[in-house]
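Structure record follows, encoded as structure tokens.
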Amino acid sequence: MRSAFPLRDALLALALATLGALGCGPWGIVPGGPLLGSARPLPADASFTEEHALVAIETRSGWLRHSVTVLCMAAEGRLYVMARHAPGKRWVQNMVADPRVRLEIGGELYDGRAVRVDLDPAEADRVADAFLRKYVGVAVERARWLPGPPAEGDTRAELWAFRIDPPGDAS
């Protein structure tokens with residue numbers, strides 16, 4: 001449906017894009033720029049994140065910062081975020097190129113390091129269990145990650161999970 005006020009809509013979009021570029025974090029589904037403020041390292045035990053359905057995550061692309069709102073879950077005290085249709089997401093591409101991230105969780109800022117969860121099937125299964133428990137309200141005996149990207153014609157979204165470690169942790 002076309003808007004009766006295309007100029008107004010264009011100006012609103014421009015204003016939101018400008019605010020995002022100037023350092024405002026994300027607003028709901030609208031991405032933003034840098035998360036401003038003083039940050040501390042993400043604690044090794046990130047279980048406290050279970051209280052929060054969404055977190056803001058800032059990624060880096062050269063000197064530019066890009067932030068989005070994402071789902072998060074904790075499994076065995078480790079923090080995980082997920083990306084649906086992952087290969088096409090700018091923030092995911094940024095994390096693959098530069099794993100340094102900043103998170104806003106409950107009004108506090110934390111620095112961390114993103115590690116894609118794809119090599120350890122047991123860890124991926126724990127993330128799937130944690131996701132189902134937190135967001136679907138379903139406890140299963142054993143959830144498992146479907147291997148590989150969807151085949152041609154498969155309507156599943158390619159889903160990637162990232163573990164967010166403390167910044168100096170190379171595990």
Item to check | For region 157-163, 3J(HN,Hα) per residue [Karplus equation, 6.51 cos²θ - 1.76 cosθ + 1.60, θ = phi - 60°, Hz, x = Gly/Pro] | outcome: 7, 6, 10, 10, 10, 10, 8
Next on the checklist: How big is region 92-139 along each principal axis, measuring the range of its Cα positions in Å and listing the largest first?
Outcome noted: 32, 30, 15
Item to check | Contact order relative to length of region 23-106, as percent, for alpha carbon pairs under 8 angstrom and 6 or more apart | outcome: 32
Checklist entry - Using the 10 angstrom Cβ neighbour count as an exposure proxy, how do W63, W160 rank, fewest first? => result W63, W160
Next on the checklist: Taking 0.36 nm per residue of sequence separation and subtracting the Cα-Cα distance, how much length would be gained by fully extending the chain between D45 and E108, in nm to one decimal?
Outcome noted: 21.1 nm
Checklist entry - Given labels modelled 7 Å from the Cα in the Cβ direction, how far is it in nm from D98 to R156? => result 3.3
Item to check | Inter-centroid distance (Cα atoms) of region 87-149 relative to region 34-53, Å | outcome: 15
Item to check | Theoretical FRET efficiency, 1/(1+(r/R0)^6), r = Cβ-Cβ of D9 and L132, R0 35 Å, to 0.05 | outcome: 0.35
Item to check | HN-Hα J in Hz across region 56-70 - Karplus 6.51, -1.76, 1.60, θ = phi - 60°, x for Gly and Pro | outcome: 9, 10, 9, 10, 10, 9, x, 8, 7, 10, 9, 10, 9, 9, 9
Checklist entry - W27 versus H85, label points 7 Å from Cα toward the beta carbon: distance in nm? => result 2.2
Checklist entry - So who's got an amide H within less than 5 Å of the one on A143, skipping anything under 5 residues away but keeping other chains? H placed 1.01 Å off N, in plane. => result D129
Item to check | In sequence order, calculated HN-Hα J values of region 99-105 (Karplus, 6.51, -1.76, 1.60; Hz; x Gly/Pro) | outcome: x, 5, 10, 10, 10, 10, 10
Item to check | Debye-sum result for region 6-165 in log10 I(q)/I(0), which assumes one identical scatterer on each alpha carbon, at q = 0.11, 0.21 Å⁻¹ | outcome: -0.47, -1.41
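FYI, it's all coordinate maths here, none of it is from the lab. Just so you know, these numbers come straight off a predicted model, no measurement behind them. Because the Cβ atoms are built from the backbone with ideal geometry, glycine has one as well, and the counts that use them run over all protein chains shown.
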